[in-house]
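Report on the following structure.
The values are calculated or read from the model by the stated rules, or taken from the named source; none is laboratory data. Given the structure is predicted, the values throughout are model-derived calculations rather than measurements. Don't worry about glycine lacking a Cβ; one is built from the backbone with ideal geometry, like all the others, and counts go over all protein chains shown.
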Amino acid sequence: MNASVNSDRLTRIFKSPVVRIISAAVGLVALYSSVTFFMEGATAVKIGESEVRYDSSVEESEAQALGNFLKQEGYFSDRPATVRVSRDDGVIKVQLVRTDEAVRDTSTDHVFSFFAAAISQRVFGGARTVICIANTELKNDREIEAMDIGTHVSLKKSDVYIKDGVTEAQAASVVATLTEGSADDLDMIIQVSKPGGQPLVRIVADRTIVDSSPNLSRIFTATAMTLSQTVFDGSPVSIELCDAGFKGFLSVSSSGDSSAPKMPQVPAL
């Protein structure tokens with residue numbers, strides 16, 4: 001970055017897989033405590049103490065890939081959990097079993113919408129994917145569609161989603177600017193898009209640390225100015241720090257504006 005910032009602090013703000021950021025931001029691991037269950041007629045692949053159960057509509061390799069992704073992103077952790085995956089008319093359905101209290105809470109459904117999109121992009125080749133929130137009796141309470149987060153590319157250690165005609169080269173330049181001066185490549189989750197033709201960079205961040213860092217607005221305003229000049233040919237650039245469902249809580253622009261944004265509805269795939 002072109003403004004002075006402690007690289008360790010940046011690492012603590014950004015360096016977390018999506019589910020661990022969810023945990024830090026809204027306490028989902030405690031609230032949405034996972035339970036194991038038995039799926040009649042299903043086969044299971046073990047991922048440590050956890051497992052993915054699947055039926056004949058899903059290949060073993062797909063279930064294994066889903067399990068690896070869930071472990072990588074922190075959903076499968078020290079606490080054993082079971083996830084069910086099936087395919088219904090080409091739609092991937094990932095069932096997460098929750099406590100009754102957790103099932104009733106819809107305040108973080110947008111996070112699971114992002115999670116469904118990440119699973120679609122990174123496990124099932126872009127196939128339509130929904131997250132099924134089920135109670136402990138295995139009855140689905142609701143299905144959460146994947147949001148349109150764009151196309152996934154891996155750049156350095158970051159997971160980047162590009163859309164609206166943004167090129168991979170532009171996304172790589174964004175990542176290079178964000179990680180400039182850091183001791184190590186930062187492990188970030190970023191979306192680079194051009195809604196209405198104006199570049200927008202969304203970065204998943206830990207709000208607790210962001211709220212305790214009063215200089216971040218100034219730092220990211222300077223970064224937006226740099227991106228405008230070096231990546232987007234002088235077009236105004238906005239940067240939004242977001243929760244793990246790309247819901248923004250801090251917005252700055254290369255013009256110097258700073259605010260807590262009012263986020264539009266994100267269309268489903």
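What the table below lists for this structure:
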{"quantity": "The lone exception for Leu138 - which of (1) modelled with pLDDT under 95; (2) under 17 Å from the mean Cα position of the chain (by Cα); (3) not in a helix (DSSP H, G or I) it fails", "calculated": "(2)"}
{"quantity": "Members of segment 200-215 that are touching a residue at least 60 places away in the same chain (Cβ under 8 Å) and of a type in the set (A, V, I, L, M)", "calculated": "Ile203, Val204, Ala205, Ile209, Val210"}
{"quantity": "Breaking point among (1) part of a helix (DSSP H, G or I); (2) over 15 Å from Cys132 (Cβ atoms), for Val45", "calculated": "(1)"}
{"quantity": "In segment 146-191, residue surrounded by the fewest Cβ atoms within 10 Å (Cβ to Cβ) [restricted to those that are farther than 22 Å from Phe124 by Cα, in contact (Cβ under 8 Å) with a residue 40 or more places away in the chain and among the aliphatic types (A, V, I, L, M)]", "calculated": "Ala183"}
{"quantity": "Residue identified as over 24 Å from Val204 (Cβ atoms) and in contact (Cβ under 8 Å) with a residue 40 or more places away in the chain among Val97, Val103, Val123, Val111", "calculated": "Val97"}
{"quantity": "Residue that is at pLDDT 80 or above and either under 19 Å from Glu145 (Cα atoms) or within 18 Å of the chain's Cα centre (by Cα) (or both), where the choices are Lys71, Lys46", "calculated": "Lys71"}
{"quantity": "Residues of segment 53-92 that turn out to be surrounded by fewer than 17 Cβ atoms within 10 Å (Cβ to Cβ) and not in a helix (DSSP H, G or I), as a count", "calculated": "12"}
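Okay, residues lined up against (1) touching a strand residue (DSSP E or B) at 6+ places or on another chain (Cβ under 8 Å); (2) of a type in the set (S, T, N, Q); (3) at pLDDT 90 or above:
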site: Thr108; (1), (2), (3): no, yes, no
site: Ile119; (1), (2), (3): yes, no, yes
site: Gly125; (1), (2), (3): no, no, yes
site: Ala134; (1), (2), (3): yes, no, no
site: Thr151; (1), (2), (3): yes, yes, yes
site: Leu155; (1), (2), (3): no, no, yes
site: Ile162; (1), (2), (3): yes, no, yes
site: Gln170; (1), (2), (3): yes, yes, yes
